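In what follows, a single structure is set out as structure tokens and then discussed.
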Amino acid sequence: MTTIGIILGSTRPGRVGPQIGEWIEKAGSAREDADFQIVDIADYDLPLFDEPGSPRLGTYAHEHTRAWSAKIAELDGFVFVTPEYNRSIPAALKNAIDFVYNEWNHKAAGFVGYGSNVSGSRAVDHLRHIAAAVQLSGVYTQVNLSLQTDFQQFTTFAPGERAEGALQEMLTEVVTLTEALAHKRQA
């Protein structure tokens with residue numbers, strides 16, 4: 001069965017990303033076409049990129065990189081959950097993406113952004129460019145969540161109907177594109 005990783009892009013204390021990840025995982029578990037699992041980059045304790053060689057070579061000097069590589073390699077597609085920090089993605093997410101290369105190739109990516117002013121849309125825009133550079137194929141529909149309207153007192157996640165509909169559409173696109181790219185991953 002197709003396995004989609006829900007990548008939590010923030011490692012910040014007090015982050016709300018895990019609530020969003022659980023919401024996505026719950027919606028995914030109601031589907032019969034894929035398995036969804038949360039992948040928290042905080043669990044991998046990745047330092048600032050420290051591999052001596054290019055990730056394109058796939059030869060890793062450090063155990064933390066090998067563990068991260070194995071996790072990304074076993075997944076067929078992704079949903080990235082990213083807050084917007086200073087009009088872009090968190091450094092921890094960019095760092096995690098940069099650690100490996102081939103493991104991302106020919107997989108689908110969906111995007112869920114959250115933030116104050118523009119609901120994470122600028123972060124998602126930046127993430128789409130980064131994803132394309134590691135040969136991830138982004139889907140059209142994205143979910144943008146506002147800390148003012150989709151959270152109670154900026155901390156407790158309470159998505160509205162608009163977000164629910166966008167999430168279902170995005171998940172369908174991610175699974176469909178993941179399956180369409182399977183032949184490229186097997187080659």
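Bear in mind that the values in this text are calculations on the coordinates, not laboratory data. Fair warning: this is a prediction, and the values are worked out from it, not measured in the lab. Neighbour counts are summed over all protein chains in view; Cβ atoms, including those assigned to glycine, are modelled from backbone coordinates with ideal geometry.
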Quiz prompt | region 80-187: translational diffusion in µm²/s, Stokes-Einstein, Kirkwood Rh over Cα pairs, 20 °C, 1.002 mPa s | solution = 148
Quiz item: Which residue, chosen from I130, I24, N102, occupies the Cα position most advanced towards the positive end of the dipole of region 3-186, where the dipole is computed from +1 (Lys, Arg) and -1 (Asp, Glu) charges on Cβ about the Cα centre?
Solution: I130
Quiz prompt | Along principal axes, Cα extents of region 3-186, largest first, whole Å | solution = 45, 34, 24
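Just to confirm a number: summing +1 for Lys and Arg and -1 for Asp and Glu over residues other than K184 whose beta-carbon lies under 14 angstrom from that of K184, what do you get? Spell out each step's value before the answer.
Values: positive: K107, R185; negative: D76, E103, E179.
Local net charge: -1.
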Exercise. Check the straight Cα-Cα distances from K26 and name the aspartates and glutamates below 19 Å, setting aside those fewer than 8 residues away within the same chain.
Key: D35, D40, D76, D150, E161, E164, E169, E173
Self-check item: Only Lys, Arg (+1) and Asp, Glu (-1) charged, at Cβ; the chain dipole about Cα centre in debye
Solution: 480
Quiz item: What is the set of long-range amide H partners of I7 at a cut-off below 5 Å, with H atoms built 1.01 Å from backbone N?
Solution: V39, V79, F80, V81
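Could you calculate the FRET efficiency of Q152 with E63 from 1/(1 + (r/R0)^6), where r is the beta carbon distance between them and R0 is 45 Å, rounded to 0.05?
Efficiency, from the Cβ-Cβ distance: 0.65.
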Exercise. For region 92-97, just list the computed ³J(HN,Hα) in residue order, Karplus coefficients 6.51, -1.76 and 1.60, θ = phi - 60°, integers in Hz, with x standing in for Gly and Pro.
Key: 4, 5, 4, 4, 4, 5
